[in-house]
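Student: Could you have a look at this structure, given as structure tokens, before my questions?
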Amino acid sequence: MNNNAFGEMVSHLRKERGMTQLELAEKMGVTDKAVSKWERGISYPDVSSMPRLAEILGVSVDELMQNNSGKENGKTAAANLLPLIFKAVALAMGVAAAVLSVMDEIDSRTGILMLGIGLSCIAVNMFSEKKD
């Protein structure tokens, strides 16, 4: 994890709990300047104080250190999973249409429909990537 990601996490969690930098600093026994440096990615808190910081911010130490609060750059975990789902559906439709066609178990109308679903998933995925 880089300093900026850690700092953004601390800032986000602090604001989420309605705390100022000074309030967090008082609870941690440090200055508000120290908290400011953490949030700007200039420094980290002392390793021994991480459990206390995590407790105050309402997350585990692991979440705090790995930036796994369920958000990444403003995206939820579900939003990060959607492109993968669209790609998987597109691949599944293509493979299924090809295999069923070779086995002569699919009519052309159904095959075209399956390929259309796959292409639609690819288009949606490409459109959502351009928006980011």
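The values are calculated or read from the model by the stated rules, or taken from the named source; none is laboratory data. Quantities reported herein were computed from a predicted structural model and do not represent experimental measurements. All Cβ positions, even for glycine, are placed from backbone atoms using ideal geometry, and neighbour counts span all protein chains on display.
Student: Please go through the stretch 106-120 and give me each residue that is surrounded by 16 or more Cβ atoms within 10 Å (Cβ to Cβ) and touching a Leu at 6+ places or on another chain (Cβ under 9 Å), ordered by number.
Tutor: I106, G111, M114, G118 - these are the residues of the stretch 106-120 that are surrounded by 16 or more Cβ atoms within 10 Å (Cβ to Cβ) and touching a Leu at 6+ places or on another chain (Cβ under 9 Å).
Student: Across the stretch 1-33, what is the total count of residues that are part of a helix (DSSP H, G or I) and within 21 Å of the chain's Cα centre (by Cα)?
Tutor: Summing the residues that are part of a helix (DSSP H, G or I) and within 21 Å of the chain's Cα centre (by Cα) in the stretch 1-33 gives 14.
Student: Shifting gears a bit: Please work out if F127 is at pLDDT 85 or above, under 22 Å from the mean Cα position of the chain (by Cα), assigned to a helix (DSSP H, G or I) and not β-branched (V, I, T).
Tutor: Values: at pLDDT 85 or above: no; under 22 Å from the mean Cα position of the chain (by Cα): yes; assigned to a helix (DSSP H, G or I): yes; not β-branched (V, I, T): yes.
Criteria not met by F127.
Student: Name the pairs whose Cβ atoms lie under 7 Å apart, with the first residue in the stretch 52-78 and exposed (fewer than 15 other Cβ atoms within 10 Å of the Cβ), the second modelled with pLDDT of 65 or more and basic (K, R), and 6 or more positions between them or separate chains?
Tutor: G58/R17
Student: Additional query: Out of all the residues in the stretch 20-51, which are among the hydrophobic types (A, V, I, L, M, F, W, C) and in contact (Cβ under 8 Å) with a residue 24 or more places away in the chain?
Tutor: If the condition is that a residue be among the hydrophobic types (A, V, I, L, M, F, W, C) and in contact (Cβ under 8 Å) with a residue 24 or more places away in the chain, then L24, M28, V35, W38, I42 are the ones that fit.
Student: Considering (1) part of a helix (DSSP H, G or I); (2) modelled with pLDDT under 90; (3) over 21 Å from the mean Cα position of the chain (by Cα), say which one G118 fails and leave the rest.
Tutor: It is condition (2) that G118 fails.
Student: Ok, one more. Given the residues S43, S36, S48, which is the only one that is within 19 Å of D62 (Cα to Cα) and part of a helix (DSSP H, G or I)?
Tutor: S48
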